[in-house]
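Here is the structure we will look at, set down as structure tokens.
The values are calculated or read from the model by the stated rules, or taken from the named source; none is laboratory data. Note that the structure is a prediction, hence the values are computed from the model and not measured. Virtual Cβ from ideal backbone geometry, glycine too; neighbours counted across all protein chains shown.
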Amino acid sequence: MSLIKVDSLSIDVLIDGAHSRVIHEVSFEVEPGEALGIVGESGSGKSLTLRAIAGLTPPESVMGGRIDFNDFDITEMTSDRLLEYRSSQIAMIFQDPRAAINPVRKIGDFLVENVVTNLGWSRSQARSRAVEVLTEVGITNPEKQLRAFPSELSGGMLQRVMIASNLLYQPDLLLADEPTTALDVTTQSSVMALIDDLRVTRGMAMIFVTHNLELAAAVCDRILVMYAGRIIESLPARNLHGHSRHPYTRALLNARPQAEGHEKRLVAIPGQPASGLEWTTGCTYASRCSFAQEICRTDLPEMRKIGTSEVACHRADDIRWDKQ
Amino acid sequence: MSIGQLALRRSAGSRKSAKKFGWLGWAAVCVLSTFAFFGVFGAAVAPHDPNKIDLAYAYVGPIPGHLLGFDELGRDLFSRLLVGAQSSLLGPFMLVFFATLAGTTLAVVAAWRRGWVDALLSTGVDIAIAFPGILLAIILVTIFGASLPVAVLALTLAYTPGLARLLRTSATRETGMEYIKALKVLGFSDSRIIFRHLLPNLAPYIFAQAIVMFGYAVLDIGALSFLGLGVQAPTSDWGSMVAAGASGLLQGYPTQTIAAGSCLVLTAVSFAIIGERLARVWGVE
């Protein structure tokens, strides 16, 4: 039984008084303990999909499809059940910890509030546990930090506090929304290593949203590539480099800098990234794709299995990548 | 502005707060503390009975023991000013309290629920703002009779919409912040997020607005009393004292009007200064 099962999720958001669909037919599953990476450019809908799993859809948006957590549809949950689901079964790490932690409350209050109010722990028990988890995420002098305000901590420290807040209890699913994007490059890797380590030792499942392909491939078991509000490829993370099938995935891989052979100019993907709003009859990537043929502009490709990948591309089996 | 920048600005503000609040701010605090003291203890410290009439002393100027002289009925002016501080400040205080409570509630409900609730409340507020407060007061006084509670009620209805509109903007921005979403994901109930997290973050906006509003409230309650729609005789009140002194003004005895008017103006100006300085210190201009 899968932990999370997203079935043809669609989200229509209100833009200038009209509802427009920005997430189209997104389906995937996450097994207990599995790490799933969702990658894509800005505006591809990866964050929106993640937030829908936490029950956070934009105001006045309309959601279609199902999101099942342990076979319970979260859109059908009563408000009590939803509060329980959020407070004890999932945890979320946000992109910018400074924006995601109430600036006028102390770190200690932030850490213990959930377990004291929602899970009925005693305050002293929660505080001693908070000291433990702060130590676990590598914060020195945790007793002192409990009395600090968020503005007194650096971004990397705050992100560690945010991670710590999710470790006080034992969630089944960790939702990480670009957890390292707002941090310094030097703290990024240590924070990511921390998340990965804690996730593996505790056996939590994770959905990790990022635009960093390398990072996703390094910490995840499976990768979903999203473009314009659709999933266009799903494949095991270890196959990302050698066996990805979609031209867009390949283009993304080519567009990132390499450690060796730096004489080459970086390859940019031509054109602008399409958003989920743009309406086309065919493949949404067709206008930027160098392999596009007539069928790509007229027919929407369905997801189909090729080798170890599932890919939505008409030409996925014609293109011989090793000759490129 | 991100919350991070705001936090930085707030902490930078607290370092410079003494400088930013300024001597003028502290002077205003002194003036208001004095008035507040008389508002509470005025009757106890007044040197004479403020309502004792002695027509023989009508319009007599300052004499030893009577610092400001006497009014048109021979009552001690200084004592009346001290005792009048109570009704002159209590009315505005109640007005500010109720209007802030109502305005904040409307703003938070609109910002939290969004959608049709927000649209309905915002439209209602826009309509209410178009309705003049003094006119509303006159209508209510006609129905319920002239008294301080009626004046307060009328002005509360007049003040609430403007405050609700101002605070709704801050509340909408604040509810859109990531930390509110983070708290939802942590599974907190709406009421807990609103009372424990949203309102403390809105507090600087609410207090700065309330203090500025207090200045206007003093003048408006004073104006209603001046028109005879607020505090009723024989209770002394600065607004009605300005009106009572008007006849003396024409006969060359301006002391009562000037003294009571000065108290009103000093109070209003002090509140305006403090409100503005606090907004600067808190970074919520």
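Structure values in brief
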| read-out | value |
| --- | --- |
| Yes/no for A:S2 being more than 14 Å from chain B (Cβ to nearest Cβ) and surrounded by 19 or more Cβ atoms within 10 Å (Cβ to Cβ) | no |
| Filter result for A:V133 (more than 8 Å from chain B (Cβ to nearest Cβ) and buried (at least 20 other Cβ atoms within 10 Å of the Cβ)) | yes |
| Extreme residue, surrounded by the most Cβ atoms within 10 Å (Cβ to Cβ), among residues of segment B:224-243 that are among the small types (G, A, S) and under 20 Å from B:P254 (Cβ atoms) | B:G239 |
| Checklist (1) on the phi > 0 side of the Ramachandran plot; (2) surrounded by 21 or more Cβ atoms within 10 Å (Cβ to Cβ) applied to B:G252, failing item | (2) |
| Filtered residue count, segment B:176-193, keeping only those that are in contact with a helix residue (DSSP H, G or I) (Cβ under 6 Å, 6 or more places away or on another chain) and more than 9 Å from every other protein chain (Cβ to nearest Cβ) | 1 |
| Pick from segment A:145-193, criterion surrounded by fewer than 22 Cβ atoms within 10 Å (Cβ to Cβ) and touching a Pro at 6+ places or on another chain (Cβ under 8 Å), ranking: farthest from the other protein chains (Cβ to nearest Cβ) | A:M192 |
| Leading residue by the ranking (nearest to the chain's Cα centre (by Cα)) among those in segment A:117-129 that are away from chain B (no Cβ under 14 Å) and either crowded, with 19+ Cβ neighbours inside 10 Å or assigned to a helix (DSSP H, G or I) (or both) | A:R129 |
| Every residue from segment A:1-19 that is in a loop (DSSP other than H, G, I, E, B) and farther than 26 Å from B:G176 by Cα | A:M1, A:S2, A:L3 |
| Residue list for segment A:233-257, filter: hydrophobic (A, V, I, L, M, F, W, C) and either surrounded by 24 or more Cβ atoms within 10 Å (Cβ to Cβ) or at pLDDT below 90 (or both) | A:L240, A:A251, A:L252, A:L253, A:A255 |
| Candidates A:N102, A:N70, filtered to the one that is facing chain B (nearest Cβ under 9 Å) and either touching a residue at least 40 places away in the same chain (Cβ under 8 Å) or farther than 28 Å from A:V161 by Cβ (or both) | A:N102 |
| Given (1) of a type in the set (V, I, T); (2) crowded, with 21+ Cβ neighbours inside 10 Å; (3) away from chain B (no Cβ under 12 Å), index of the condition A:T78 fails | (2) |
| Meets criteria (more than 14 Å from chain A (Cβ to nearest Cβ) and modelled with pLDDT under 85) for B:V231 | yes |
| Residue selected from segment A:81-99 under the condition among the basic types (K, R) and surrounded by 19 or more Cβ atoms within 10 Å (Cβ to Cβ), by the criterion nearest to A:E29 (Cα to Cα) | A:R86 |
| Residue among A:R265, A:R230 that alone is at pLDDT 85 or above and either surrounded by fewer than 18 Cβ atoms within 10 Å (Cβ to Cβ) or closer than 20 Å to A:T210 by Cβ (or both) | A:R230 |
| Elements of type strands (runs of 3 or more DSSP E) in segment A:20-116, at least 2 residues being within 15 Å of the chain's Cα centre (by Cα) | A:35-39, A:90-93 |
| Selection from segment B:34-79 of residues that are within 19 Å of B:G248 (Cα to Cα) and hydrophobic (A, V, I, L, M, F, W, C) | B:I53, B:L55, B:A56, B:A58, B:V60, B:I63, B:L67, B:L68, B:F70, B:L73, B:L77, B:F78 |
| Filter result for the condition that a residue is within 14 Å of another protein chain (Cβ to nearest Cβ), surrounded by fewer than 23 Cβ atoms within 10 Å (Cβ to Cβ) and not basic (K, R), over B:I206, B:I211 | B:I206 |
| When residues of segment A:56-75 are limited to those that are crowded, with 17+ Cβ neighbours inside 10 Å and within 20 Å of A:P32 (Cβ to Cβ), the one modelled with the lowest pLDDT | A:I74 |
| Unmet criterion (only one of (1) within 25 Å of A:V22 (Cα to Cα); (2) modelled with pLDDT of 75 or more) for A:D318 | (1) |
| Qualifying residues in segment A:203-226 (those that are farther than 19 Å from A:K305 by Cβ and not hydrophobic (A, V, I, L, M, F, W, C)) - the one surrounded by the fewest Cβ atoms within 10 Å (Cβ to Cβ) | A:G203 |
| Residue satisfying condition, being touching a residue at least 12 places away in the same chain (Cβ under 8 Å) and over 21 Å from A:I101 (Cβ atoms), within set A:D177, A:D172 | A:D172 |
